[in-house]
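**Q** Below is one structure. I have some questions about it.
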Amino acid sequence: MRKHTLFRLTVLIALFALVISACAGATPAPTPKPAAPTKEPTTEPTEAKAPETGGDVLIVARSLDIRTLDPGRQYEITSPMIVHAAYETLVTFAGTDYTKVVPNLAERWEISDDGLTYTFYLRPNVKFHTGNTMTAKDVKFSFERLRNLKDNPAWLMDVVDKIEVVDDLTVKITLKEPNAAFLAMLVSPNFSVLDSEAVKAHGGTSAEDADKTDTATEWLDQNSAGTGPFILKGWTRGVEVVLERNPDYWRGPAKLSKVIVKDVRDPATQRMMIAGGDIDVAMNLDVDLIQAYKQEGGQVVEGNTMDMVYMAMTTNPEISEPLSKKEARQAVAYAIDYDGIINDLMRGAAIRLPSIIPVGLLGTDPNLGYPHDPAKAKELLAKAGYPDGFTVKMVYPNRTFAGGLAAETLAAKIQADLAEVGIKLDLEPREPVAHLADYRAGKLAMTISPWTPDFLDPHGWAIPFAVKGGSAAKRVYYDNPKASELAIQAGKITDPEKRAQMYLELQKIMLDDAAFIGLIQPKVLIAVRPNVKGYVFNPVWWVDFYEISKE
Amino acid sequence: MRLWQYILRRIVFMVPLLISVTLMAFIVSHLVPADPLGMVLSERAMNNPEIVQAYRERWGLDKPLHMQYLIYVWNLLHGDFGDSIATQRPILRDLAQFLPATLELTLAAMVFTIFLGIPFGVLAALYRDRWPDHLTRVLSTIGVSVPVFWLGLLLLNALYFHLRLLPGPGRLDPYITPPPTRTGMITVDSLLAGDWRAFWSALRHLFLPALVLGSYTMGTVSRITRSSLLDVLAQDYIRTARAKGLAEWTVILRHALRNALIPTVTVVGLSFGDLMSGAVLTETIFSWPGMGRYAVLAASYLDLQAIMGVTLVIAFTYVVVNLLVDILYAIIDPRIQVGT
C-alpha cells in the first residue's frame, strides 16, 4: 500500500512539474487559438532566443530617478536625457567641448558692453511638436514659468532681471548683474523653450503665482511641447519612457524611429539583458561587468563625467582642534594615495580631480593636485604640533558614488593611508539623509562627499566652495577673503582667457588652504551593442539620441 | 456569537488600529534627523528662500508637526492619502499603479508556496527519513537560507542568460503593447482583453520572480506541514481510521492532512504579508515596478505621505489576512469557535 501511495504522489508532483514547465515555456504549449487572430502570426513571436530589437528602435536600460518630465520642474540626474531629446535650448555645447557655447534655437546673439543685456536672434520657422511655430513669446513664457513655478531649478532664473519680446524672432534678456556663466546656464535643459500655447491649453501659466496655479505638469509628464528631434509618447513610472521620432524636425528627422528608456535598477540584470540582446544600451554596469562585456566583443563607450568625489575638512577649532590647523589638513592631503584610489579601487575608471573644479572646464589643470608624499605629511604634522599624529572622526554616507565606488571602500582606503603617517581615523557610516543633514549643519570634522554639476561653467563650483557662506564653504567654515573675491570677480568678467587665469589662481589658494581635497572624477563606461553607432557621452544630458543610428 | 457579527466587529476595530499605525509611522519617520526638503531640493534651491517657502507650502510642511499629523488623518478619513513629494502626484494614484504589480507577484508566489510547499511537506512526512524527505529538506533549506538576490541572479543567469528558456526582467516583452489597464495585473488584464500573446508573455515574465519570491515561504510551509503532519499521524484516531481498513490515501488526505493544516494556514496567511512587504529585492532584480521599489524611493526622499501610504497598505494586508486566517480555522476545524 505504501508503494502505491508513493506512486500516486509522484504522479501528482510530476503533473505539477509539467504544468510549471509548460508555464516556463521550455516547450511552447499548444497555444490556444487567439481571440484576435490578426495580431497573431503563425509562429510564436515572443519565443525567447535572441529577440531582435527592431531595426531603428533603440532600447536603453538605466536606473531612472525621474520625478517629472516638466522642463520647468525636473532637476533629477536622469531626466535631462529625456528632456534633451524632446526639447531644445537657445544655445548648446558642440560635442564634448564644454568651454564654448554655440547656437541652437538662437542663430546668434549679442552681449552689451556692460555684460547685462543679451539679445538673442531666433531661428525662423522652427516648429513645435504641435505644429505651432516657435517665436520670442515662447521663450519669454518658458523662462518666466521656470522662475515662477518656484520649483527645484527656479534658482537658475535668479540672475535674470527681465525678458522682453522685441519682435517675433528677437528676445532681449537683462541680467541683474553681469554673469559670465549665463550662456553656459542657458544650455541646461531647464531653459528648454516650450510651446506656450500648448502648455497654456493644458493649464500652464507663467504668472507670478504659477507655483500655486500651474497645472500643466501632469500633461507634460506624458507629452512634449518642444521642438526637439523626438516626441514624448509616454512615461510609466518605474517602467519606461517612450520617445518617437519627430518627422518635422528642423535639422532633418532622426535616424532612430523610436527610443525606449527602461527603468532597470540592477546592474547585473542590465548586463544579462544586453548580452541577451533585449536592450541596446546598458548605462549602469560597474567595472567588472563592463570588463566581461568587453571581452565578449561588446562596445564600450567611455566619457568623463563632471561629477566628483571630494574630501572636506573643517576649519573650525570647535569641531576639530587638529584639523583647524592648515598644516594638519595639508598633511592629510599629502598622505592620501590618489593613484591607488583610481587604479586599485576604481580600476582606472576615473581621473584625478585636482581641486574642486572638474577637469575639462575653463581654467582647470589636471596636474594641480597634491602628490602622495607621506614624508612631507609627517613633516607638516610636526609643524602643526602633532608629531605623533592625531585621532579624528570621519563620517561618510553609506552609499555608492558615481562610477560605482562604494563610500565604505574609499573610507577604508583613506583610513589606511592616513594611518601610515600617524593620523587615526574613526570611521562612521551613516544613512545619506542623516549624513547630509549634519554635513550641511557644519557638524562634521571630516567627510567624503559627492558633487554634481548644475551647469558647465567653473562659476558653478567657485561660488559654493570658495565664497564665505557658500553652500559647501559654510559646511567647513571656509573663509578666505582672497578666494571669495577671486571667485566673485571671475564670474563677472567675460574674457575667457582672463577668467581661466583667475580660476587657476583661485584653485591654488584653495589647495593651499586644504579645506577641500579633490579625490576623483569618475569616468562613465557605457555598454553599447556593436551595431549602435554614434553614441557619445555628455555630462549633462548623458546622450543625444539624435546622433545615434543602428546598423 | 455568529460569524458575521464577529467579522463585523473585527472590521470596526480595524479603523482605530490602522490610525494608530499611522501615528507610529509618523513618529518613527520624524525621528530621522533630516529635512525632507533637503532630499528633493538641490543645494542651490535650498539657498533660495522663495523656493523653500513655496515648497513648504506646497507640501504642507510649513505647519507645526501635530497639525501636519491631524491634517493627514483628517484627509485620510476622507479617503485622501495626500500627495507624494517623490513622484509629485497623489499617493492613491501611485498605489493604484504599484500595488497591483506587487499583488500579482505575491499571489503568484503564494501559488508556489501552497502548491509546492504543502505537497513537499506531505511527502516528507510520509517518507520520513527516506529520500523524498531528504530531498524536500534540501530544497526547503535552500529556499529558506539562500538570499533572494543571489537566488534571483543565479536563476536569471541560468534560465534566461544561458539557457534562454525564460524571458528577462520586466513584466512584458518590449515589443508587446500592454493590455488596457483594468486591474493593473497584466496577466489578468490580458485575459480580460482576450490578448493571448500578452498573457503568455506576462505569465512567462511572472514565473521566475514569483518562484524566487516564494522560495522562502515555500521552505517554511513545507517544514511546518511536515512536522505537523507527523504529529497528527501519531494520533490515536489515525490508527483507528487505518484499523477500519480505510485506504491509506483517504486516511492521509481526509483525516490527517485536514487536521495537520491548521498551523500551516497560519504560516501561509502570515507569509502573504511577508511576501507583500518583502518583495523589494525581488522587484529590484527583476525590474518589477511594484510597491517595494516605491517604498524604497519614498524612504530615500523622506517622502512621509508615501511612507505612510505604504505602511498603511501593508498593515491593512496583515489585518485582513489575519481575519481570513481566523475564519479559515473555523471552516477547517469546526471545534474552533470564532470570537471566544
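**Q** For B:Tyr127, work out the one condition from (1) open to solvent by 10 Å² or more (accessible area, probe 1.4 Å); (2) more than 25 Å from A:Asp65 (Cα to Cα) it doesn't fulfil.
**A** (1) is the only condition that B:Tyr127 fails.
The rows are residues; the columns are (1) open to solvent by 20 Å² or more (accessible area, probe 1.4 Å); (2) over 19 Å from the mean Cα position of the chain (by Cα).
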{"residue": "A:Asp56", "(1), (2)": "yes, yes"}
{"residue": "A:Ala61", "(1), (2)": "no, no"}
{"residue": "A:Arg67", "(1), (2)": "no, no"}
{"residue": "A:Glu88", "(1), (2)": "no, no"}
{"residue": "A:Asp97", "(1), (2)": "yes, no"}
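One line per residue, one yes/no per condition, for (1) open to solvent by less than 10 Å² (accessible area, probe 1.4 Å); (2) within 14 Å of chain A (Cβ to nearest Cβ); (3) of a type in the set (A, V, I, L, M):
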position	(1), (2), (3)
B:Gly290	yes, yes, no
B:Tyr294	yes, yes, no
B:Met308	yes, no, yes
B:Thr311	no, no, no
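**Q** In region B:144-169, how many residues are without any contact (Cβ under 8 Å) to a residue 40 or more places away in the chain, assigned to a loop (DSSP other than H, G, I, E, B) and within 7 Å of chain A (Cβ to nearest Cβ)?
**A** So the count comes out to 4.
**Q** Looking at B:Val52, B:Val28, B:Val73, which one is in a helix (DSSP H, G or I) and closer than 21 Å to A:Asp454 by Cα?
**A** From the options B:Val52, B:Val28, B:Val73, the qualifying one is B:Val52.
**Q** Select from region A:252-266 the residues that are under 20 Å from the mean Cα position of the chain (by Cα) and within 11 Å of chain B (Cβ to nearest Cβ) and write down the one among them that is most open to solvent (accessible area, probe 1.4 Å).
**A** A:Arg265
**Q** So B:Arg93 fits all but one of (1) within 14 Å of another protein chain (Cβ to nearest Cβ); (2) modelled with pLDDT under 90; (3) surrounded by fewer than 18 Cβ atoms within 10 Å (Cβ to Cβ); (4) closer than 29 Å to B:Val21 by Cα; what number is the exception?
**A** For B:Arg93, the exception is condition (2).
**Q** If we scan region A:469-489, do we find a residue that is open to solvent by less than 10 Å² (accessible area, probe 1.4 Å), in contact (Cβ under 8 Å) with a residue 60 or more places away in the chain and over 19 Å from A:Met313 (Cβ atoms)?
**A** No, every residue in region A:469-489 fails to be open to solvent by less than 10 Å² (accessible area, probe 1.4 Å), in contact (Cβ under 8 Å) with a residue 60 or more places away in the chain and over 19 Å from A:Met313 (Cβ atoms).
**Q** Among the residues of region B:96-122, how many are of a type outside the set (A, V, I, L, M), surrounded by fewer than 24 Cβ atoms within 10 Å (Cβ to Cβ) and more than 16 Å from B:Val188 (Cα to Cα)? Please lay out each step first, then the result.
**A** Here is the first cut: in region B:96-122, the ones of a type outside the set (A, V, I, L, M) are B:97-98, B:100, B:102, B:104, B:106, B:112-113, B:115, B:117, B:119-121.
Filter again for surrounded by fewer than 24 Cβ atoms within 10 Å (Cβ to Cβ), leaving B:97, B:100, B:112, B:115, B:119.
Subsequent filtering for residues that are more than 16 Å from B:Val188 (Cα to Cα) retains B:112, B:115, B:119.
Qualifying residue count for the region: 3.
**Q** While we're here: Tell me which residues, restricted to region A:99-128, are open to solvent by 40 Å² or more (accessible area, probe 1.4 Å) and under 28 Å from A:Leu220 (Cα atoms).
**A** Result: A:Pro103, A:Glu107, A:Tyr121, A:Arg123, A:Pro124, A:Asn125, A:Lys127.
**Q** Please find, among A:Ala154, A:Ala198, A:Ala210, the residue that is aliphatic (A, V, I, L, M) and away from chain B (no Cβ under 12 Å).
**A** None of the other options fit; the residue is A:Ala198.
**Q** Out of all the residues in region A:199-221, which are out of contact with any Asp or Glu (no Cβ under 7 Å at 6 or more places or on another chain), open to solvent by 10 Å² or more (accessible area, probe 1.4 Å) and either among the charged types (D, E, K, R) or outside any loop (DSSP other than H, G, I, E, B) (or both)?
**A** Hits for region A:199-221 are A:Lys200, A:Ala201, A:Glu208, A:Asp209, A:Asp211, A:Lys212, A:Thr213, A:Asp214, A:Glu218, A:Trp219.
**Q** Just to verify a result, which residue in region A:222-236, among those that are open to solvent by less than 20 Å² (accessible area, probe 1.4 Å), assigned to a loop (DSSP other than H, G, I, E, B) and not hydrophobic (A, V, I, L, M, F, W, C), is farthest from the other protein chains (Cβ to nearest Cβ)?
**A** Here the residue is A:Thr227.
**Q** Test each condition in (1) in contact with a Ser or Thr (Cβ under 9 Å, 6 or more places away or on another chain); (2) among the hydrophobic types (A, V, I, L, M, F, W, C); (3) more than 7 Å from chain A (Cβ to nearest Cβ) for B:Leu77 and report the one that comes out false.
**A** B:Leu77 satisfies all of (1) in contact with a Ser or Thr (Cβ under 9 Å, 6 or more places away or on another chain); (2) among the hydrophobic types (A, V, I, L, M, F, W, C); (3) more than 7 Å from chain A (Cβ to nearest Cβ) except (1).
Listed here are the residues, each with its yes/no results for (1) surrounded by 23 or more Cβ atoms within 10 Å (Cβ to Cβ); (2) under 25 Å from the mean Cα position of the chain (by Cα); (3) farther than 23 Å from A:Ile279 by Cβ; (4) facing chain A (nearest Cβ under 10 Å).
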position: B:Gly184; (1), (2), (3), (4): no, yes, yes, no
position: B:Ala193; (1), (2), (3), (4): no, no, yes, yes
position: B:Pro209; (1), (2), (3), (4): yes, yes, no, no
position: B:Ser222; (1), (2), (3), (4): yes, yes, yes, no
position: B:Glu248; (1), (2), (3), (4): no, no, yes, yes
position: B:Leu257; (1), (2), (3), (4): no, no, yes, no
position: B:Pro263; (1), (2), (3), (4): no, yes, yes, no
position: B:Gly269; (1), (2), (3), (4): no, yes, yes, no
position: B:Thr284; (1), (2), (3), (4): no, yes, no, yes
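**Q** Here is a list: A:Ser192, A:Ser188. Which entry is touching a Gly at 6+ places or on another chain (Cβ under 8 Å), assigned by TED's automatic domain parsing to the domain that holds A:Thr99 and either among the β-branched types (Val, Ile, Thr) or buried (at least 17 other Cβ atoms within 10 Å of the Cβ) (or both)?
**A** Working: A:Ser188 fails: touching a Gly at 6+ places or on another chain (Cβ under 8 Å).
That would be A:Ser192, the only listed residue that is touching a Gly at 6+ places or on another chain (Cβ under 8 Å), assigned by TED's automatic domain parsing to the domain that holds A:Thr99 and either among the β-branched types (Val, Ile, Thr) or buried (at least 17 other Cβ atoms within 10 Å of the Cβ) (or both).
**Q** List, please: which pairs have Cβ atoms under 6 Å, are six or more places apart or on different chains, and start with a residue in region A:102-113 that is under 13 Å from A:Pro124 (Cβ atoms) and end with one that is of a type in the set (Phe, Trp, Tyr)?
**A** Within 6 Å, the pairs are A:Ala106/A:Phe120; A:Glu107/A:Tyr121; A:Arg108/A:Tyr121.
**Q** If I ask for residues that are assigned to a helix (DSSP H, G or I) and open to solvent by 40 Å² or more (accessible area, probe 1.4 Å), which ones from region A:414-431 would you list?
**A** Result: A:Gln415, A:Ala416, A:Ala419.
**Q** Also, quick follow-up: Residues to consider are B:Thr136, B:Thr240, B:Thr177; find the one that is hydroxyl-bearing (Ser, Thr, Tyr), touching a helix residue (DSSP H, G or I) at 6+ places or on another chain (Cβ under 8 Å), free of Cβ contacts under 8 Å to residues at least 40 places away in the same chain and more than 9 Å from every other protein chain (Cβ to nearest Cβ). Write out each step before concluding.
**A** Numbers: B:Thr136 fails: free of Cβ contacts under 8 Å to residues at least 40 places away in the same chain; B:Thr240 fails: touching a helix residue (DSSP H, G or I) at 6+ places or on another chain (Cβ under 8 Å).
That would be B:Thr177, the only listed residue that is hydroxyl-bearing (Ser, Thr, Tyr), touching a helix residue (DSSP H, G or I) at 6+ places or on another chain (Cβ under 8 Å), free of Cβ contacts under 8 Å to residues at least 40 places away in the same chain and more than 9 Å from every other protein chain (Cβ to nearest Cβ).
**Q** Next up: Give me the pairs: first residue in region A:513-537 and in a strand (DSSP E or B), second residue among the acidic types (Asp, Glu) and modelled with pLDDT of 95 or more, beta-carbon distance under 6 Å, and six or more apart or on different chains, which are they?
**A** A:Val532/A:Asp280
**Q** Does B:Ile85 satisfy being over 24 Å from B:Gly309 (Cα atoms) and within 12 Å of chain A (Cβ to nearest Cβ)?
**A** For B:Ile85, the condition - over 24 Å from B:Gly309 (Cα atoms) and within 12 Å of chain A (Cβ to nearest Cβ) - is not met.
**Q** Let me ask something additional. Is it fair to say A:Pro178 is closer than 25 Å to A:Tyr121 by Cβ and either assigned to a loop (DSSP other than H, G, I, E, B) or at pLDDT 95 or above (or both)?
**A** Criteria met by A:Pro178.
**Q** Could you grab the pairs with beta carbons closer than 7 Å, sequence gap of 6+ or different chains, first residue in region B:194-217 and acidic (Asp, Glu), second one open to solvent by less than 10 Å² (accessible area, probe 1.4 Å) and in a helix (DSSP H, G or I)?
**A** none
**Q** For the structure I just gave you, tell me whether A:Asp248 is modelled with pLDDT of 90 or more and either under 21 Å from the mean Cα position of the chain (by Cα) or more than 11 Å from chain B (Cβ to nearest Cβ) (or both). Give the derivation first.
**A** On the way: modelled with pLDDT of 90 or more: yes; either under 21 Å from the mean Cα position of the chain (by Cα) or more than 11 Å from chain B (Cβ to nearest Cβ) (or both): yes.
Criteria met by A:Asp248.
**Q** Would you pick out the residues in region A:538-551 that are open to solvent by less than 30 Å² (accessible area, probe 1.4 Å) and assigned to a loop (DSSP other than H, G, I, E, B)?
**A** Across region A:538-551, the qualifying residues are A:Pro539, A:Trp541, A:Ile548.
The values are calculated or read from the model by the stated rules, or taken from the named source; none is laboratory data. Everything numeric in this text was worked out from a predicted model, so none of it was measured. Positions of Cβ are generated from backbone atoms using ideal geometry, with glycine treated the same way; all protein chains shown enter the neighbour counts. Accessible surface is based on the protein model in full, side chains and every heavy atom, while ligands, DNA and RNA are left aside. Shrake-Rupley method; radii C 1.70, N 1.55, O 1.52, S 1.80 Å.
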